[in-house]
Every structure is written in C-alpha cells, then in structure tokens.
1. Are there any helices (runs of 4 or more DSSP H) wholly within the range 162-252 with 2 or more residues that are without any contact (Cβ under 8 Å) to a residue 24 or more places away in the chain, and if so which?
2. Tell me the residue from F137, F103 that is aromatic (F, W, Y), modelled with pLDDT of 95 or more and in a strand (DSSP E or B), please.
3. Please state which one of F137, F190, F179 is of a type in the set (F, W, Y) and closer than 17 Å to T70 by Cβ.
4. If V124 meets every condition in (1) in a strand (DSSP E or B); (2) in contact with a Leu (Cβ under 6 Å, 6 or more places away or on another chain); (3) more than 30 Å from K290 (Cβ to Cβ) apart from one, which number is that one?
5. Quick check: anything in the range 63-72 within 25 Å of G221 (Cβ to Cβ), surrounded by fewer than 18 Cβ atoms within 10 Å (Cβ to Cβ) and either assigned by TED's automatic domain parsing to the domain that holds A215 or touching a residue at least 60 places away in the same chain (Cβ under 8 Å) (or both)?
6. Name the residues in the range 304-316 that are farther than 18 Å from E262 by Cα and out of contact with any helix residue (DSSP H, G or I) (no Cβ under 9 Å at 6 or more places or on another chain), would you?
7. Out of curiosity, is F190 farther than 16 Å from A215 by Cβ and at pLDDT 95 or above?
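The values are calculated or read from the model by the stated rules, or taken from the named source; none is laboratory data. All figures in this text were calculated on a predicted structure; none of them were measured in a lab. Counting neighbours? That spans all protein chains shown, and the Cβs are built from the backbone with ideal geometry, glycine included.
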Amino acid sequence: MGGLGEIAFIADYLAPLATHPAALGLKDDTALLTKLPANGLVITADALVAGVHFFEDDDPGDAAYKALATNVSDLAAKAAKPLGYTLALALAKAPTREWAERFAGGLSRAQHQFGIALLGGDTVTARGSWWMSITAFGEASPRGLIPRGGAKPGDCLYVSGTLGDAALGLKLRLGNAGFGQTLSPENRAFLLKRYLYPEPRLALSQALAHHASAAMDISDGLALDLSRMCDASQVSAEVEVASIPLSAAASAAAAAFPGAIETILSGGDDYEILAAVPSGHCVAFETASKEAGVRVTKIGVVAAGAGALAFLNPDGTALALDAKGFEHFTG
C-alpha cells in the first residue's frame with residue numbers, strides 16, 4: 001500500500017485535530033487569534049528528533065504524545081493555561097495510513113488530556129531521521145510570567161512528583177541499566193512509561209502563580225536545570241540528596257545500583273516542576289499543591305552568591321556529580 005500524500009495526510013488526520021476556531025480548519029496558511037489573553041500570551045517551542053528524544057521504532061503515537069506533553073510542561077511551569085499549538089512535521093518518506101492514524105491518535109489523546117488544540121503548521125520531507133517541532137501558546141495567569149530568574153536567597157526549593165524515573169527508563173531501553181535484572185516487571189513497566197509519557201503539572205498552576213518566586217520545568221536533569229535557575233537568578237543553592245522524591249521503582253533501582261543516584265539527579269526527561277518559594281509562603285504552597293492533587297517535596301534552599309550547586313549527603317559531605325545533565329551539541 002502506497003504512502004499518503006501531504007494533502008491527504010493533512011485533510012484526513014491533522015484537520016480533525018484543529019478544533020479551535022482560530023485554526024480555520026487548516027484551510028489557510030495562517031491561524032487567526034482574535035481575542036488575546038488580557039494577562040499576556042505565553043509561547044514556548046520544543047523540537048523532538050527520532051534517535052535523540054525518542055527511538056526510531058517507538059510508536060508514532062507515543063512520540064507525538066510526548067512532543068505535545070513536553071511543550072505543555074513548559075506552559076505548566078509558567079502557570080499558563082494551554083490554548084493551542086502549531087506543528088512542524090518532517091518525514092523521510094510518505095506515511096502509511098496506519099502510521100498516520102497512530103500519530104494523529106497520540107496527538108488527539110494529548111489534546112484531550114491537556115485541553116489544547118492544533119492551530120496549524122507545516123509538513124515537509126526530511127533528509128534523515130523524522131522529527132517534529134511544536135510551538136505551544138498559553139494564557140498567562142493574572143500574575144503574568146513566573147520567571148526562572150526570580151529566586152532569592154532564603155527561598156525554599158521544591159520539585160513536583162518524583163525524579164529520575166524517565167532517565168532510568170531510558171537506561172532500560174538502551175539495555176545498559178545495571179539494575180535492570182533486579183526490578184520487578186511492574187517497576188520496569190513504570191519506568192519505561194515515564195520515559196514515553198511525561199505528565200505536565202497543569203494542576204499546580206494556581207499554587208505557582210500565588211506563591212513561587214521562580215519556576216521552570218525539569219527537562220535536562222535537576223542538576224543542570226537548577227544551575228540554570230541559579231544562573232538566571234544570580235544565586236546558588238544547596239540540595240539535600242536524601243530529600244529527592246523517588247518512586248518505588250526508582251528506589252528499587254537505587255538500592256540495586258548505587259550509581260543510579262547520579263542518573264536520578266542528572267538524567268533528563270523528568271518534566272516535573274522546579275520552584276523557588278519564599279519561606280513565608282511554603283506552608284501555603286504545600287497546602288495549595290495538596291489541594292490540587294500534586295505532590296511537591298522540599299529538596300533544599302536558595303543561597304546567596306553565585307557559585308557551584310551543593311548536593312549534600314546525609315553526613316554533610318558533598319556529592320560529586322560526573323554528569324551535569326543533558327545538553328545539545330556537547331557530545
């Protein structure tokens with residue numbers, strides 16, 4: 001069976017996703033947003049490439065879901081309400097109908113989960129691995145943008161959810177996990193799912209808007225992303241390693257393989273939220289997060305002065321990390 005042409009692919013599989021009136025049914029080259037949010041429009045963009053952000057043999061629906069989820073995670077970290085997104089998709093060959101159904105199905109599931117719709121985009125031929133780039137638009141909270149550069153000395157550092165699951169799941173996929181054979185099938189499945197299916201913490205938006213001085217999502221590992229927050233804020237930080245929230249699966253991996261803690265601290269794909277909260281707001285932030293149904297954990301404090309981050313063991317010694325996180329163009 002031959003592959004789909006661009007016109008049929010758009011008409012049959014992408015146009016049904018363009019439910020927002022601004023998309024004009026994907027029958028034009030542009031979208032028209034007529035009622036812009038009074039508090040501002042939050043815009044973010046992320047590209048995902050086969051062989052870099054997901055595996056070539058991954059289900060295209062899983063890859064599509066992840067691509068949209070990673071962008072919505074950026075909106076969530078800014079306490080923004082998702083509005084719509086554009087998609088640029090580059091394929092090395094014409095897609096089959098089965099491939100197109102899976103890809104569009106993944107986007108549809110993500111749209112339903114996150115309350116967002118396709119506005120437009122482009123489909124092109126790739127000369128290599130297939131890839132997609134999404135630009136997502138969100139409505140800013142009444143407060144406006146929560147910057148990554150707003151952390152102040154004395155602020156408490158919080159993270160949502162649990163860390164390290166996706167990075168450990170990636171190690172399982174790569175077959176180089178020293179802990180793989182010791183995990184139960186349930187724990188293996190959990191880690192693999194966390195790699196494929198990020199969970200943007202949209203429910204945390206109100207708590208962040210009311211209480212956070214700085215926030216960002218953790219996409220390239222806690223160590224690297226915290227350093228980015230500190231650099232932007234011109235501060236440093238101390239993190240209690242024992243306070244890092246772990247899932248049961250990650251705890252099992254860490255117990256079986258001591259080196260797993262470095263993966264947990266520096267591995268990417270968490271897509272949890274890192275927030276700095278003034279000490280006087282901590283109780284209220286924790287209460288609001290609990291009411292929203294999102295687990296948050298205090299992991300450390302913001303310190304004065306620019307400098308290296310300190311990841312402290314229970315005995316007060318510093319944990320030295322060989323890896324600092326994922327960064328493009330470095331290897």
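1. Filter on the range 162-252 gives 165-174, 185-196.
2. F137
3. On the way: F190 fails: closer than 17 Å to T70 by Cβ; F179 fails: closer than 17 Å to T70 by Cβ.
The unique qualifying residue is F137.
4. In the conditions (1) in a strand (DSSP E or B); (2) in contact with a Leu (Cβ under 6 Å, 6 or more places away or on another chain); (3) more than 30 Å from K290 (Cβ to Cβ), V124 misses (2) alone.
5. Within the range 63-72 (the criterion being within 25 Å of G221 (Cβ to Cβ), surrounded by fewer than 18 Cβ atoms within 10 Å (Cβ to Cβ) and either assigned by TED's automatic domain parsing to the domain that holds A215 or touching a residue at least 60 places away in the same chain (Cβ under 8 Å) (or both)), the answer is no, since none of the residues qualifies.
6. Going residue by residue through the range 304-316, those that are farther than 18 Å from E262 by Cα are 304-307.
Of everything in the range 304-316, those that are farther than 18 Å from E262 by Cα and out of contact with any helix residue (DSSP H, G or I) (no Cβ under 9 Å at 6 or more places or on another chain) turn out to be A304, G305.
7. When the stated conditions are applied, F190 passes them.
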